[in-house]
1. Residues that are in the same structural domain as Gly338 (by TED's automatic domain parsing), more than 14 Å from ligand 1 (Cβ to nearest atom), open to solvent by 20 Å² or more (accessible area, probe 1.4 Å) and farther than 27 Å from Gly180 by Cα: does the range 115-124 have at least one?
2. For the range 5-30, give me each residue that is touching a residue at least 40 places away in the same chain (Cβ under 8 Å) and acidic (Asp, Glu).
3. Is it fair to say Ile61 is away from ligand 2 (no atom under 16 Å from the Cβ), open to solvent by less than 60 Å² (accessible area, probe 1.4 Å) and outside any strand (DSSP E or B)?
4. Kindly evaluate His90 against the criterion of being in a loop (DSSP other than H, G, I, E, B), within 16 Å of ligand 1 (Cβ to nearest atom) and at pLDDT below 95.
5. Which one is farthest from Val69 (Cα to Cα), of the residues in the range 79-99 that are surrounded by fewer than 21 Cβ atoms within 10 Å (Cβ to Cβ) and more than 13 Å from ligand 2 (Cβ to nearest atom)?
6. State which residue is nearest to ligand 1 (Cβ to nearest atom) when the search covers only the range 21-38 and only residues that are in contact with a Gly (Cβ under 8 Å, 6 or more places away or on another chain), assigned to a strand (DSSP E or B) and not basic (Lys, Arg).
7. Would you check which residues across the range 169-190 are touching a strand residue (DSSP E or B) at 6+ places or on another chain (Cβ under 8 Å) and surrounded by fewer than 24 Cβ atoms within 10 Å (Cβ to Cβ) and list them?
8. So which residues in the range 136-153 are closer than 19 Å to Cys94 by Cα and either within 15 Å of ligand 1 (Cβ to nearest atom) or at pLDDT below 95 (or both)?
Amino acid sequence: MTDTMRGVIFVGDGKVEVREFPKPKPSGTQVLVAMKASGLCGSDMHSYRQSAEYWAKAPIIRGHEPSGVIVEVGEAVSMVQVGDRVSVYHAPACNHCEACARGEFFNCTTIGPGNRLASMKVHGSDADYVLVDQNVCFVLPDELSFEDGSTIACAGGTAYHALRRGDVRGGEYVLVSGLGPVGLCAVQLAQAMGGIVIGSDPVAFRREFALKHGASYVVDPMAGPLGEQVKDITGEGAEVVIETSGNDQARVDVVACTPYHARLVYVGWGGNARNAIYGPMLGERWITGSNMFTHEDYHTLVRFMLRQGIRFSDLVTHRFSLEQAQAAFDAFASRDTGKVVFTWD
Ligand SMILES: [Zn+2]
Ligand SMILES: [Zn+2]
């Protein structure tokens, strides 16, 4: 075995490079995971477009949707073992502070902000190996593939958590605004939860893809007022909205797609209206944010996928080797994709 590995970094303005890095060595409770699938995320695309000056300061490996096999463990590892197939939760957690006790691992106060995989400090999983603590490695059932495990690690888990916050009930209309990876996972899951799903996205490829994966209806938000389009389908409106696009206009427009007492969940990043305040007091609409997912969500989501026959790997449209990193990010940036992943044989 060599003591180096390949890793993908951003060099600025949409350019990516594959570089050699030292292969990490686990110690204590750390484990080394050999990657089998590592997904591209919508949130990567903000940093992918950052300047060359920005990235010159942080040659840190990208990727935070890891799934693979544990190949080496530190001397204090007791929860997992070499050979385990795992999905890796990308926010490190102490499992002890108040935030962790509430299941808000993304707010862990012991480890602090900025230490997620592929932050500006910690190498991510678009690499042959990733070094993580044992407590973020969740064993994958044999029925689920590494692509499923990778998608659960961010997009799928995030979609599931948002739907749970939206409390989808059978027979309700669920509007999924934005049909990128999180939105597509939300479409698949919401239908299996009994929702009647309406997908909204300006990209034709994504609307067509959503129709094949659980959406009963799709609308183009550029084709006319979104509220009118959705109410033409639903009558009174969609009882649940999952807003994944992070687009300011979409954040406002989805309110007009709902009846009084609807539940609106804002999960997409970006834009300026980070705390949408439109519509909650009139009509007692319930608006909430949703940030990543919890360890409990991992277990209930996996059980849900097994019982309902959901496979996120069905959403993968493009697979690339690490050497094809530029082509992978360019394809994802075109938006004519479902889920895009790096795979290893
Ligand atoms: Zn992500
Ligand atoms: Zn903590």
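The values are calculated or read from the model by the stated rules, or taken from the named source; none is laboratory data. All of these numbers come straight from a predicted model, not from anything done at the bench. For neighbour counting, all protein chains shown are included, and Cβ atoms are generated from backbone atoms with ideal geometry for every residue, glycine included. All accessible areas refer to the heavy atoms of the entire protein, side chains included, with ligands and DNA or RNA removed. Shrake-Rupley method; radii C 1.70, N 1.55, O 1.52, S 1.80 Å.
1. Checking the range 115-124: not a single residue is in the same structural domain as Gly338 (by TED's automatic domain parsing), more than 14 Å from ligand 1 (Cβ to nearest atom), open to solvent by 20 Å² or more (accessible area, probe 1.4 Å) and farther than 27 Å from Gly180 by Cα.
2. Glu17, the sole residue that qualifies.
3. On the way: away from ligand 2 (no atom under 16 Å from the Cβ): yes; open to solvent by less than 60 Å² (accessible area, probe 1.4 Å): yes; outside any strand (DSSP E or B): yes.
Considered against the rule, which asks whether it is away from ligand 2 (no atom under 16 Å from the Cβ), open to solvent by less than 60 Å² (accessible area, probe 1.4 Å) and outside any strand (DSSP E or B), Ile61 comes out as yes.
4. Numbers: in a loop (DSSP other than H, G, I, E, B): yes; within 16 Å of ligand 1 (Cβ to nearest atom): yes; at pLDDT below 95: yes.
It is true that His90 is in a loop (DSSP other than H, G, I, E, B), within 16 Å of ligand 1 (Cβ to nearest atom) and at pLDDT below 95.
5. The extreme case among them is Met79.
6. Filtering the range 21-38 for residues that are in contact with a Gly (Cβ under 8 Å, 6 or more places away or on another chain), assigned to a strand (DSSP E or B) and not basic (Lys, Arg), the one nearest to ligand 1 (Cβ to nearest atom) comes out as Ser38.
7. Once the filter is applied, which keeps residues that are touching a strand residue (DSSP E or B) at 6+ places or on another chain (Cβ under 8 Å) and surrounded by fewer than 24 Cβ atoms within 10 Å (Cβ to Cβ), the range 169-190 yields Gly171, Glu172.
8. If the condition is that a residue be closer than 19 Å to Cys94 by Cα and either within 15 Å of ligand 1 (Cβ to nearest atom) or at pLDDT below 95 (or both), then Val136, Ala153 are the ones that fit.
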